[in-house]
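Okay, structure first, notes after.
The values are calculated or read from the model by the stated rules, or taken from the named source; none is laboratory data. All values derive from a computational prediction rather than experimental measurement. Positions of Cβ are generated from backbone atoms using ideal geometry, with glycine treated the same way; all protein chains shown enter the neighbour counts. Each accessible area value is taken on the protein alone, full model and side chains, heavy atoms only, with ligands, DNA and RNA left out. Shrake-Rupley method; radii C 1.70, N 1.55, O 1.52, S 1.80 Å.
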Amino acid sequence: MSQPATETHRFEAEVDAVLRLVTHSLYTNREVFLRELVSNAVDALDKARILALAGEALRPVEGEPKIRILLDKDAKTISVEDDGIGMTAEEVRENLGRIAHSGTRRFLEEVAKGAKPDDASLIGQFGVGFYASFIVADRVEVDTLSARPDAVAVRWTSTGDGTYQIAPSDRTRRGTKVTLHVGERGQEFLDATVIERIVKRYSNFVLYPIELVDESADDAKPRRINATKAFWTRPPKEISDEEYDDFYREFMGGFLLPGDEPLTRLHFSMDAPIQFHALLYVPGRAPMELLGEASRGVALYARHVLVMERAEKLVPVYLRFLRGVVDSEDVPLNVSREAVQDHQSVSAIRRQITRKVLAHLDALAKDDRETFEKIWNRFGAILKEGIHTDNAHRDQLAKLLRYPTTTSGGALVSLDEYVASMADGQKAIYYITGASVEELEASPHLEACRERGIPVLLMTDPVDEWVVLNLTEYAGKPLENVRKGSWAGPDGATEDATDETADAGRIAHLIAKAKEVLGDRVADVRPSKRLRSSASCLVDPPDSLGHNMERLLEAARRPVTVRPKILELNPDHPLVRAAEKIAADAPDDEHLPLYVELFFDMAQLAQGTVADPAGVVRRIQTVMQEVLPPEVS
Ligand code: ADP
């Protein structure tokens with residue numbers, strides 16, 4: 001059989017574009033070329049390992065699979081060689097002649113949108129993979145032998161000028177060797193200490209040995225330059241903060257923006273009931289994707305070997321902001337990764353992690369309030385989901401809840417602190433839910449509590465509606481919604497407040513008139529115990545979803561029947577008293593229906609929405625015309 005001759009191919013147009021950007025713009029962070037090549041080598045080793053586990057017959061490799069970095073200062077070359085899966089000739093054309101992977105595509109899209117390609121964060125986020133070689137190399141050769149038993153070795157060569165060549169290679173070991181012929185731009189990398197520093201920075205915890213061979217040194221012996229042990233198996237007291245931070249950066253892809261540093265970490269090992277190591281971090285920033293459920297980032301290792309990068313079943317959904325690794329001897333190295341997650345050991349690990357993380361957050365809240373509040377502000381809304389979804393840990397989660405109150409001046413208060421500060425005779429924890437603190441602060445429902453200095457929790461997260469559905473009491477105290485119709489007013493306020501029937505008697509005529517005028521637009525009309533300076537407000541009938549919940553469901557375009565509310569009138573308010581007098585003395589007064597409508601308008605306005613804005617305007621004008629002096633004609 002004759003050897004096929006060298007063939008020349010053109011790059012796909014997009015590759016050309018990437019190459020031009022890479023070679024002309026990416027000066028600021030040139031060292032990433034090595035990170036990209038090492039991660040490709042790791043991927044190739046992983047693929048070979050997984051296929052072997054799946055029982056595929058692969059070309060064997062002598063000794064432990066490794067990555068070797070070969071440095072030759074005389075020849076001015078840097079090579080990265082792996083014992084991984086390798087590529088067939090067809091795969092070489094597929095993978096190195098076109099943009100086959102999403103990272104580079106997204107990189108190009110960002111550049112097309114106007115991002116500057118020399119922005120270090122851009123390459124950090126997307127990477128440009130293999131093509132980063134051309135940052136430092138004038139010419140790149142790839143010698144590869146696929147681990148498929150019948151494959152032949154191929155050599156890919158390019159100077160990055162729009163074409164590449166494919167020819168036979170004399171490689172006999174399975175895997176891939178990428179050789180960079182370093183040009184002007186890459187001289188500084190022809191130095192063993194520089195290479196070692198870069199590998200430690202980006203690839204220290206890679207699970208395969210990375211060996212460096214300085215071929216130009218007198219004694220060219222391979223030496224291992226990355227960590228020899230899975231980091232998380234070391235005892236926590238032997239690990240410095242800096243090492244923990246380095247590990248986190250490495251884990252997050254080798255690049256952190258300011259503010260991305262982790263807020264707290266938790267490192268522990270267990271032997272019983274199940275053996276595992278866990279190193280978990282709370283990230284410094286809540287990336288958009290965290291809010292969705294798709295992305296969870298705790299990696300699962302079985303006996304130090306990576307099983308899955310994102311094992312979503314290792315942590316409950318409401319802890320999905322955690323990042324880190326779990327490594328267990330009890331997890332089977334199954335070929336089907338999804339099946340591994342369903343193994344009973346994974347749910348046992350999840351239970352232990354949940355317990356430990358919640359205890360850690362509780363301790364943090366006590367020891368380092370500032371950090372805890374940062375975590376709460378970023379991830380509290382996610383944590384709160386657990387109150388609804390995880391009965392078993394509801395009490396532990398409830399301890400972590402933090403809300404501003406009407407008396408805290410913006411500071412966050414825990415339920416324990418709220419209970420500790422309750423006034424004598426106050427029997428319940430009061431709260432109100434709504435869209436914003438500003439809106440809630442202006443709410444007439446708070447007036448009676450405010451007058452007595454009784455704090456009300458201000459709940460403004462949509463998920464709070466679910467929190468209060470599930471959390472009906474805390475530390476033996478009921479949680480009461482001050483907007484609910486059944487609310488009887490703050491305890492301790494009762495001594496000087498007349499009872500409801502007496503109040504009803506004081507404004508009986510007005511109430512009767514209001515029921516007649518408003519008809520089925522209201523569920524009821526009655527005197528209020530929660531108002532002081534306002535004349536009227538609307539409250540939720542006991543069996544309704546509640547005003548804020550209705551509003552949320554409507555905003556989410558979910559079908560919802562908005563139930564009529566109860567109109568409450570303040571029997572001590574001068575306007576209400578004046579209207580009562582008219583209703584008693586002259587029930588047919590032509591202005592009375594207008595006044596009733598205005599009490600209803602004001603109550604609706606106070607909670608942010610009026611059914612009939614044009615009607616409100618008309619009624620206000622009518623009243624103004626009465627009050628203002630007659631027009632001069
Ligand atoms: P990415 O690694 O992000 O997919 P690259 O441009 O770095 O993108 O590589 C493109 C493809 O080339 C890879 O997806 C892989 O299939 C193949 N490849 C690159 N390096 C190697 C290697 N060392 N061994 C085997 N295949 C490789």
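State all residues of region 194-246 that are of a type in the set (Val, Ile, Thr) and either open to solvent by 50 Å² or more (accessible area, probe 1.4 Å) or on the phi > 0 side of the Ramachandran plot (or both); if no residue qualifies, say none. If you could, list the steps in order and put the result at the bottom.
Initially, region 194-246 is screened for residues of a type in the set (Val, Ile, Thr), giving 194-195, 198-199, 206, 210, 213, 225, 228, 233, 239.
Answer for region 194-246, where residues must be of a type in the set (Val, Ile, Thr) and either open to solvent by 50 Å² or more (accessible area, probe 1.4 Å) or on the phi > 0 side of the Ramachandran plot (or both): just Thr228.
Could you tell me whether any residue of region 400-420 is in the same structural domain as Ser443 (by TED's automatic domain parsing), in a helix (DSSP H, G or I), among the small types (Gly, Ala, Ser) and open to solvent by 40 Å² or more (accessible area, probe 1.4 Å)?
Yes, that holds for at least one residue.
Answer with yes or no whether Ala535 is surrounded by 14 or more Cβ atoms within 10 Å (Cβ to Cβ), more than 39 Å from the chain's Cα centre (by Cα) and at pLDDT 90 or above.
Yes: the conditions hold for Ala535.
Please enumerate the residues belonging to region 405-430 that are under 29 Å from Pro527 (Cα atoms) and within 27 Å of the chain's Cα centre (by Cα).
Thr405 - this is the single residue of region 405-430 that is under 29 Å from Pro527 (Cα atoms) and within 27 Å of the chain's Cα centre (by Cα).
Conditions tested, residue by residue: (1) modelled with pLDDT under 95; (2) assigned to a helix (DSSP H, G or I); (3) over 18 Å from Val325 (Cβ atoms).
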{"residue": "Val335", "(1), (2), (3)": "yes, no, yes"}
{"residue": "Ala339", "(1), (2), (3)": "yes, yes, yes"}
{"residue": "Thr354", "(1), (2), (3)": "no, yes, no"}
{"residue": "Leu361", "(1), (2), (3)": "no, yes, yes"}
{"residue": "Glu373", "(1), (2), (3)": "no, yes, yes"}
{"residue": "Gly386", "(1), (2), (3)": "no, yes, yes"}
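Tell me, please, whether a residue that is of a type in the set (S, T, N, Q), outside any helix (DSSP H, G or I) and within 11 Å of the ligand (Cβ to nearest atom) can be found in region 86-95.
Initially, region 86-95 is screened for residues of a type in the set (S, T, N, Q), giving 88, 95.
This time we only want the ones that are outside any helix (DSSP H, G or I), so: 88.
So of that shortlist, the ones also within 11 Å of the ligand (Cβ to nearest atom) come out as 88.
Yes: one or more hits.
Scanning for something in contact with a Ser or Thr (Cβ under 8 Å, 6 or more places away or on another chain), under 24 Å from Arg234 (Cα atoms), within 15 Å of the ligand (Cβ to nearest atom) and at pLDDT below 95, does region 160-174 turn up at least one residue?
Here is the first cut: in region 160-174, the residues in contact with a Ser or Thr (Cβ under 8 Å, 6 or more places away or on another chain) are 160, 163-167, 169, 171, 174.
From what's left, under 24 Å from Arg234 (Cα atoms): none.
Checked region 160-174: no residue is in contact with a Ser or Thr (Cβ under 8 Å, 6 or more places away or on another chain), under 24 Å from Arg234 (Cα atoms), within 15 Å of the ligand (Cβ to nearest atom) and at pLDDT below 95.
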